[in-house]
1. What net charge do the residues around ALA56 carry, taking every other residue with its C-beta under 15 Å from that of ALA56, with Lys and Arg at +1 and Asp and Glu at -1?
2. Using helices alone, what [θ] at 222 nm do you get for the chain, with -39,500 (n - 2.57) per DSSP H run of 4 or more residues, divided over all residues and rounded to the nearest 500?
3. Fewest Cβ neighbours within 10 Å first, please rank VAL158, VAL25, VAL152 accordingly.
4. Find the relative contact order for the range 38-169 and round it to a whole percent, using C-alpha pairs within less than 8 Å whose residues are 6+ positions apart.
5. Considering just Cα atoms, how many Å³ per residue does the convex hull of the range 3-173 enclose?
6. Find the relative contact order for the range 1-108 and round it to a whole percent, using C-alpha pairs within less than 8 Å whose residues are 6+ positions apart.
7. For ALA142 and LYS178, compute 0.36 nm times the residue count separating them, minus their Cα-Cα distance, and round to one decimal in nm.
Amino acid sequence: MDLVSTLAVAFWAMLPAYVPNNVAVLVGGGRPIDGGRTLGERRILGDGKTWRGTIAGTLAGAALALLLSAVSGTVGDALSISLPSFPLVVAFSLSFGAMLGDITASFLKRRTGRERGAAFPGVDQLDFVVGALGLTAVAAPAWFGEWFTVPVIVTVLVVTPLLHIGTNGIAYVLDLKKEPW
Ligand code: CTP
Ligand code: MG
């Protein structure tokens, strides 16, 4: 695969994992997943991880995956690049895995004394990538092996933090997010 194809596959395959966190920011709120409970001195997850954000984010990411599946052939032909479609299990493992990675990061943030909204450099930018790729590798190993080749994974790890910083910066400037990370 040439560089352009690798970039295109990486971006296309990761879109269902990129969208959930942004949708959670837009619609999040209501009852926190941890129900306000603490572990030791601190909250288990904190008020920033809600049922509504998690469910809406997961459904939005999975819906986008199914939409992309419907057009992957047409778009791929137009670009002369073979793009993945997403079986249902992958649609959910990418989107829910992204949310799970973000939730795990909040758990680690609270355990390391970081308040809600505090920055955790590196973790903030890649938590959802690790969650999405990890869950998909377990849930659909054949699909994962076909599309997430080593060059694609390396591309995802390099490009995602840049995209994340860009989109969160925009959300911050638009007042959708309290902090730019
Ligand atoms: N959000 C949500 N449910 C999630 C993830 C995010 O409702 N599973 C919403 C919350 O309103 C949250 C906002 O999106 O405040 C921003 O998400 P994020 O930056 O991940 O949360 P923080 O509030 O910064 O909390 P934390 O320090 O735990 O990351
Ligand atoms: Mg945050």
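Nothing in this text is a laboratory measurement; each read-out follows from the coordinates by a stated rule. Being a predicted model, the structure only gives us computed values, none of them experimental. So basically every Cβ, Gly included, is an ideal-geometry build from the backbone, and we count neighbours across all protein chains shown.
1. On the way: positive: ARG31, LYS49, ARG52; negative: ASP102.
Neighbour charge sum, excluding ALA56 itself: +2.
2. Details: 6 runs with 126 residues, N = 181.
After summing the helix terms and dividing by residue count, I get -24000 deg cm²/dmol.
3. Values: VAL158 10, VAL25 17, VAL152 21.
Final ranking by Cβ density, sparse to dense: VAL158, VAL25, VAL152.
4. On the way: 129 pairs, mean separation 33.9, N = 132.
Worked out over the range 38-169, it gives 26 percent.
5. Working: hull volume 19.7 nm³, N = 171.
Here the figure is 115 Å³ per residue.
6. Values: 156 pairs, mean separation 36.9, N = 108.
With pairs under 8 Å counted, the relative contact order is 34 percent.
7. On the way: separation 36, 0.36 × 36 = 12.96 nm, distance 3.96 nm.
Once the chain is fully extended between ALA142 and LYS178, it gains 9.0 nm.
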